[in-house]
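K.L.:
Here you go, one structure.
No value in this document is a laboratory result; all are computed from the given coordinates. Please read all numbers here as calculations on a predicted model, not as lab measurements. So basically every Cβ, Gly included, is an ideal-geometry build from the backbone, and we count neighbours across all protein chains shown.
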Amino acid sequence: MDELNELRDWEIHLQVIEGLRMDDEQEWYENIYRARAEWQARIHEPVLPVTPYPLGRIGVEFGDEVVPILPPGKNCDFKLWSQADFSSWISLVFPQDTDKKVVDSIRSTSRNGTDILLLATEPSINERLELDDVQFSRLQSEARKIVNAYHAEKFERDIMQYMIDKNQWEQQEMRLAAGPYHWR
């Protein structure tokens, strides 16, 4: 019976020692993970910028160089055009006196430069403007030229920003790869 009690005591003793070892090991791992988390929190992981993609051209116009008609002193950013700029653009697209009725009907239904995108993409707007096919085709063609030029300029700006962001990311990657000694 003494041997049985001694064996039980020994098993209890081993369980206690194993539990203490496990507690120490768990605490050791927690300390390591905590230290690693603190070290990683100090390092800002660089994020690779997203590559911009070119927007498709709307109803591509034929010819080597497509030059849109623009109001005086304005660029292809049609979203910034006022109603006066839009009216000026309509007058440039339809310069003949015979198109005076057309110009007036378009001016009465349009508000500002944001309508350029509607003219370029929505064929149903022709019913509201009451234009014949030739006039609407001409108006839509000029609107598409402006929208395409705007998208091309925007894409170029996005690519330039992407290249700047990518260079910054590569520099951060090089600093991270060099390790903590490089930061001193």
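K.L.:
Counting only other residues whose beta carbon sits under 15 Å from that of Thr109, what net charge do I get with K and R as +1, D and E as -1? Intermediate results must be reported in sequence, preceding the final value.
P.N.:
Working: positive: Lys101, Arg107, Arg111, Arg128; negative: Asp104, Asp115, Glu122, Glu127, Glu130.
Counting the neighbours of Thr109, the net charge comes to -1.
K.L.:
Work through the residues other than Glu11 whose Cβ is under 13 Å from its Cβ and net out their charges, Lys, Arg +1 and Asp, Glu -1.
P.N.:
-3
K.L.:
Between Glu127 and Ala152, what is 0.36 nm times their sequence separation minus the Cα-Cα distance? Round to one decimal in nm. It would help to have the intermediate numbers written out before the result.
P.N.:
On the way: separation 25, 0.36 × 25 = 9.00 nm, distance 2.97 nm.
Stretched out fully, the Glu127 to Ala152 stretch lengthens by 6.0 nm.
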